[in-house]
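In what follows, a single structure is set out as structure tokens and then discussed.
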Amino acid sequence: MRDAAPNTIYLSDYSPFGFLVDSVHLTFDLAPHATRVTSRIAFRPNPQATDRTFFLHGEELKLIRASIDGAEITPDVTDKGLTASVPDAPFVWEAEVEIDPGNNTALEGLYMSNGMYCTQCEAEGFRKITFYPDRPDVMSTFTVRINGDLPVLLSNGNPTGKGEGWAEWTDPWPKPAYLFALVAGELLAHSDSFTTLSGRHVDLNLWVRPGDEGKCAFGMEALKRSMKWDEDVYGREYDLDVFNIVAVDDFNMGAMENKGLNIFNSSAVLASPETSTDANFERIEAIIAHEYFHNWTGNRITCRDWFQLCLKEGLTVFRDAQFTSDMRSAPVKRIHDVIDLRARQFPEDNGPLSHPVRPESFQEINNFYTATVYEKGAEVIGMLKTLVGDDAYSKALDLYFERHDGQACTIEDWLKVFEDTTGRDLAQFKRWYSQSGTPRVKVEEDWADGTFTLTLSQSTPPTPGQPEKLPQVIPVAVGLLGPNGDEVRGTEVLELTEARQNFTFEGLATRPVASILRGFSAPVILDHDRPNAERAFLLAHDTDPFNRWEAGRTLAQDTLLRMITQDAAPDAEYLDGLLAVLRDADLDPAYRALMLGLPTQSELAAALHEQGETPDPMAIWRAVETLRQATAQHMQDLLPRLHSEALVDSPYSPDAEQAGKRALGSAALALTTRLDGGAMAAEVYAKADNMTLQLSALSCLLRAGKGQSELAAFYDQWHDDRLVLDKWFGLQASLAAPDDAPRIARTLSEHPDFNWKNPNRFRALIGGLAMNHAGFHHAGGASYALLADWLIRLDPVNPQTTARMCTAFQTWKRYDADRQDLIRTQLSRIAETPNLSRDTTEMISRILG
Ligand code: PHE
Ligand code: ZN
């Protein structure tokens, strides 16, 4: 679909750059408002290319001088870059530019954070550092000299020289410019080392601001575990003499895999028991692994163009999920991932921002670092592995690394290694990359003469630009249970490839209960109208831990929907089933804690919308409150036992076992708070010696409309710790009662500690409000207006973070006409703001539809 937008870029327009780059030499003379960057780049005509236009990207650069083969030239410069006429033979380009890192608030290119210089170049930030063909298919080796009066001067690769006020780094591995990085500042190292499989000694450093030294140990251990795991499981070894990680406070995303110099949002690496929750530790371990794994899936093999982003991101998310499953509990990890997919990817895939895992057009690539590219991209790889089997997956990956090392690749290259190793035709499977929207799989059952028949049909609703869908290859893992709960057929993967298909199971003595989509074998929405008694049976007996959890989830959702639409009472089958599972002390505490979870209020709104009803946020909120209260009462007698099972008497460790106990304890505390008015939570808060307990107790109190003195004490204790203060902001916004939320959020936005230019702080408060479903959708529209005010204010400062936060409005068409009007007014107000960034313009226009 070719739209009128002039800035749209299309996958189908790809053509290679007219020149190859043999080497890049950069010299940085650092100064906060006038950094000089001198580049010496060896170009040569690209025999693969027909177009020899010499265009170098460059934005917000002051060109001081430029030369070709030593002769000064005056190129044509626009606000996007420059063109020059060049020889039809190898030549050396030199340029000197001046940039202003001190005023770079967008946090893209070279910028400053607390006096420290740092860079962010993915996706197109390098063009804000110097003139360059800033596209991922242009790969080169880099040598970097940094001149600056700071103790620590870092760049990619290995250190190759150092003196008073300067350092030189050489990266022997060809890389695209988006993997370039530079850091300079007064930093301290937490150091260690790792010896690779083939005996290479690697120095490991985690660089932090003075004062943060005590928060490094966990990240370092996670890095070593990641390095070992990638050797053990994928046979991938590290390839430089040093691996540096830097923590920075001002960062738009989680972290960045720059070659040999990963840069992390401090929230994604700094951890201590006093300041970080178990969930923070788990996330940090996963992000460290993710960025490290990119060294092979992303850096050694990179993307040909940004449409192929899922080539590196989907695969690397898949790999980090495998790592977490191995380090912790595989079922718990799988359930976490599905909760996350439903919370973030499903709303995207079923609303105005829906796009394929491999998009075909964009205006601003920063808007496509999405849950669809990352998380659905990882699901697609999981399905591929399920379909071909573990051995074939390993062989295909070996071939991928062997065939494509050093290249910039496409999804076609990726699928071809699977076709070549398995002989399988993946043409239909490829639709997972090109069709957007979440497939619905409808299940019908039939039983006759010892034969059980499953009829599966698939359909995908229309999504922007894609009115018609073709059937996809959907692996549906199925097992059958007999009447006493025994498995009469073990897990088998059915391949649903047509719009409608029958699968039969013969020779059964009695009608089985089917456990369908085990392990969530495909990212689809299952439509299976079955009696609640069967769901309760699966909740009690399913041998697949994911589907056992899912049975409870489905029962919970079903009762909530009936409470909302029919004023029904909480369902006894759900409450009894839940009680039985929670009573089973043989089950992992972490798993039991997950069982106590409920679908989010936003998911319930989506489910109502799907049924053709208009969701009322207050009715949803009340139903959830009622069900929680009923659950607390139903479990009353069990709660003391859960609290004692959840007790940890050894010193704090963030490991899965302890974390699971604390998760169960927190879930039980939330229920207890509904019965004792917060007495126990106040006690837990007073005694807590770690952030997990402190925060869970405080959350319970706030949810009960209490905890004001604890909140004040929390501020006094932690106001100097920026990551903990983010929690203080986030908690109040996300847990405020619906009627209080807009006022509380507005008051907090006037708090002197609301440093809104810091993305973490902005996300904590404004994102926290957006997560408070009933508070965000407050009837008067006060929260909508507050969000819009802040988006308008942040946009000129930091377009990338502004554009991401616009997604809070993506589900607006689910709601009633009054709310739609209120939101439309805010969206139009944002759209009409003069000089709105390209990032936000694209997001708002897509959301408006
Ligand atoms: N490539 C990073 C990752 O997934 C994410 C990122 C994208 C960071 C763009 C910064 C900017 O690991
Ligand atoms: Zn990544």
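The values are calculated or read from the model by the stated rules, or taken from the named source; none is laboratory data. In this text, all values refer to a predicted model and were calculated from it rather than measured experimentally. All Cβ positions, even for glycine, are placed from backbone atoms using ideal geometry, and neighbour counts span all protein chains on display. Please note that ligands, DNA and RNA were not included when accessible areas were found on the heavy atoms of the full protein model with its side chains. Shrake-Rupley method; radii C 1.70, N 1.55, O 1.52, S 1.80 Å.
Counting only residues that are in a helix (DSSP H, G or I) and within 15 Å of ligand 2 (Cβ to nearest atom), which one in the range 357-370 is surrounded by the most Cβ atoms within 10 Å (Cβ to Cβ)?
Step one: filter the range 357-370 for residues in a helix (DSSP H, G or I), giving 365-368.
Subsequent filtering for residues that are within 15 Å of ligand 2 (Cβ to nearest atom) retains 365-366, 368.
Values: Ile365: 17, Asn366: 25, Phe368: 21.
In this case the residue turns out to be Asn366.
Among the residues of the range 662-679, which ones are outside any helix (DSSP H, G or I) and buried (at least 20 other Cβ atoms within 10 Å of the Cβ)? Please lay out each step first, then the result.
Narrowing the range 662-679 to residues outside any helix (DSSP H, G or I): 677-678.
Hit for the range 662-679 is Gly678, nothing else.
Do we have Thr316 as in contact (Cβ under 8 Å) with a residue 24 or more places away in the chain and crowded, with 20+ Cβ neighbours inside 10 Å here? Spell out the reasoning first.
On the way: in contact (Cβ under 8 Å) with a residue 24 or more places away in the chain: yes; crowded, with 20+ Cβ neighbours inside 10 Å: yes.
Taking the combined requirement at face value, the residue satisfies it.
Tell me yes or no: at least one residue of the range 787-802 is within 17 Å of Asp816 (Cβ to Cβ) and outside any loop (DSSP other than H, G, I, E, B). Write out each step before concluding.
In the first step, residues of the range 787-802 are kept if they are within 17 Å of Asp816 (Cβ to Cβ); the result is none.
The answer is no, given that none of the residues of the range 787-802 is within 17 Å of Asp816 (Cβ to Cβ) and outside any loop (DSSP other than H, G, I, E, B).
Using the structure shown, decide if Val24 is in contact with a Phe, Trp or Tyr (Cβ under 6 Å, 6 or more places away or on another chain), under 30 Å from Gln308 (Cβ atoms) and either assigned to a loop (DSSP other than H, G, I, E, B) or open to solvent by less than 60 Å² (accessible area, probe 1.4 Å) (or both).
On the way: in contact with a Phe, Trp or Tyr (Cβ under 6 Å, 6 or more places away or on another chain): yes; under 30 Å from Gln308 (Cβ atoms): yes; either assigned to a loop (DSSP other than H, G, I, E, B) or open to solvent by less than 60 Å² (accessible area, probe 1.4 Å) (or both): yes.
Taking the combined requirement at face value, the residue satisfies it.
In the range 267-312, how many residues are under 16 Å from the mean Cα position of the chain (by Cα), among the basic types (Lys, Arg) and either farther than 27 Å from Glu360 by Cβ or more than 15 Å from ligand 2 (Cβ to nearest atom) (or both)?
The number of residues fulfilling the criteria is 1.
Hey, Glu98 hits all of (1) open to solvent by 40 Å² or more (accessible area, probe 1.4 Å); (2) at negative phi but one; which does it fall short on?
Condition not satisfied by Glu98: (1).
Would you pick out the residues in the range 475-509 that are assigned to a loop (DSSP other than H, G, I, E, B), open to solvent by less than 70 Å² (accessible area, probe 1.4 Å) and polar (S, T, N, Q)? Write out each step before concluding.
Step one: of the range 475-509, the residues assigned to a loop (DSSP other than H, G, I, E, B) are 482-486, 497-499, 506-509.
With the extra rule that they be open to solvent by less than 70 Å² (accessible area, probe 1.4 Å), the set shrinks to 482, 485, 497, 499, 508.
Within the range 475-509, just Thr497 meets the criteria.
Looking at Lys706, Lys757, can you tell me which residue is more than 24 Å from the chain's Cα centre (by Cα) and basic (Lys, Arg)? Full working, then the answer.
Details: Lys757 fails: more than 24 Å from the chain's Cα centre (by Cα).
Result of the check over Lys706, Lys757: Lys706.
What's the total number of residues in the range 425-472 that are of a type in the set (Gly, Ala, Ser) and under 24 Å from Glu412 (Cα atoms)?
5
Each row is one residue, and each column tells you yes or no for (1) more than 21 Å from Val144 (Cα to Cα); (2) at pLDDT below 95; (3) crowded, with 24+ Cβ neighbours inside 10 Å.
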{"residue": "Leu240", "(1), (2), (3)": "no, no, no"}
{"residue": "Val246", "(1), (2), (3)": "no, no, yes"}
{"residue": "Asp249", "(1), (2), (3)": "yes, no, no"}
{"residue": "Asn252", "(1), (2), (3)": "yes, no, no"}
{"residue": "Gly260", "(1), (2), (3)": "no, no, yes"}
{"residue": "Val269", "(1), (2), (3)": "yes, no, yes"}
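Just checking, does the range 348-356 include any residue being assigned to a helix (DSSP H, G or I) and more than 16 Å from ligand 1 (Cβ to nearest atom)?
yes
Answer yes or no as to whether Phe243 is closer than 16 Å to Ala181 by Cβ, within 16 Å of ligand 2 (Cβ to nearest atom), outside any helix (DSSP H, G or I) and of a type in the set (Phe, Trp, Tyr). Steps first, please.
Details: closer than 16 Å to Ala181 by Cβ: yes; within 16 Å of ligand 2 (Cβ to nearest atom): no; outside any helix (DSSP H, G or I): yes; of a type in the set (Phe, Trp, Tyr): yes.
Against the criterion (closer than 16 Å to Ala181 by Cβ, within 16 Å of ligand 2 (Cβ to nearest atom), outside any helix (DSSP H, G or I) and of a type in the set (Phe, Trp, Tyr)), Phe243 does not qualify.
For the range 116-145, which positions are polar (S, T, N, Q), open to solvent by 10 Å² or more (accessible area, probe 1.4 Å) and more than 16 Å from ligand 2 (Cβ to nearest atom)? Working first, answer last.
Residues of the range 116-145 polar (S, T, N, Q): 119-120, 130, 140-141, 143.
Filter once more, keeping what is open to solvent by 10 Å² or more (accessible area, probe 1.4 Å): 120, 141, 143.
Thr141, Thr143 - these are the residues of the range 116-145 that are polar (S, T, N, Q), open to solvent by 10 Å² or more (accessible area, probe 1.4 Å) and more than 16 Å from ligand 2 (Cβ to nearest atom).
Which residues, counting only those in the range 291-304, are touching a Ser or Thr at 6+ places or on another chain (Cβ under 8 Å) and either open to solvent by 20 Å² or more (accessible area, probe 1.4 Å) or more than 13 Å from ligand 1 (Cβ to nearest atom) (or both)?
Passing the criteria: only Arg304.
Output the residues belonging to the range 54-86 that are touching a Phe, Trp or Tyr at 6+ places or on another chain (Cβ under 9 Å) and part of a loop (DSSP other than H, G, I, E, B).
Going through the range 54-86, the residues touching a Phe, Trp or Tyr at 6+ places or on another chain (Cβ under 9 Å) turn out to be 54-58, 61, 63, 66-69, 75, 77, 80-86.
Hits for the range 54-86 are Phe54, Gly58, Leu61, Asp69, Pro75, Lys80, Ala84, Ser85, Val86.
Let me confirm something: among Asp542, Asp571, Asp558, Asp567, which residue is at negative phi, out of contact with any Asp or Glu (no Cβ under 8 Å at 6 or more places or on another chain) and not hydrophobic (A, V, I, L, M, F, W, C)?
Working: Asp571 fails: out of contact with any Asp or Glu (no Cβ under 8 Å at 6 or more places or on another chain); Asp558 fails: out of contact with any Asp or Glu (no Cβ under 8 Å at 6 or more places or on another chain); Asp567 fails: at negative phi.
After ruling out the rest, the residue left standing is Asp542.
Can you tell me how many residues within the range 809-842 are under 17 Å from Glu348 (Cβ atoms), open to solvent by 20 Å² or more (accessible area, probe 1.4 Å) and assigned to a helix (DSSP H, G or I)?
2
Does any residue of the range 410-423 turn out to be in contact with a Pro (Cβ under 6 Å, 6 or more places away or on another chain) and away from ligand 1 (no atom under 16 Å from the Cβ)?
No, that holds for no residue.
Within the group Arg344, Arg334, which residue is modelled with pLDDT of 95 or more, more than 16 Å from ligand 1 (Cβ to nearest atom), outside any strand (DSSP E or B) and open to solvent by 10 Å² or more (accessible area, probe 1.4 Å)?
Numbers: Arg344 fails: more than 16 Å from ligand 1 (Cβ to nearest atom).
Just a single option satisfies the conditions, and that option is Arg334.
Among the numbered criteria (1) in contact (Cβ under 8 Å) with a residue 40 or more places away in the chain; (2) in contact with a strand residue (DSSP E or B) (Cβ under 6 Å, 6 or more places away or on another chain); (3) under 24 Å from Gly485 (Cα atoms); (4) buried (at least 16 other Cβ atoms within 10 Å of the Cβ), which single criterion is violated by Ile525?
(3)
So which of Gly214, Gly260, Gly254 ends up being of a type outside the set (Val, Ile, Thr), within 24 Å of His719 (Cα to Cα) and within 16 Å of ligand 1 (Cβ to nearest atom)?
Sole residue among the options that is of a type outside the set (Val, Ile, Thr), within 24 Å of His719 (Cα to Cα) and within 16 Å of ligand 1 (Cβ to nearest atom): Gly254.
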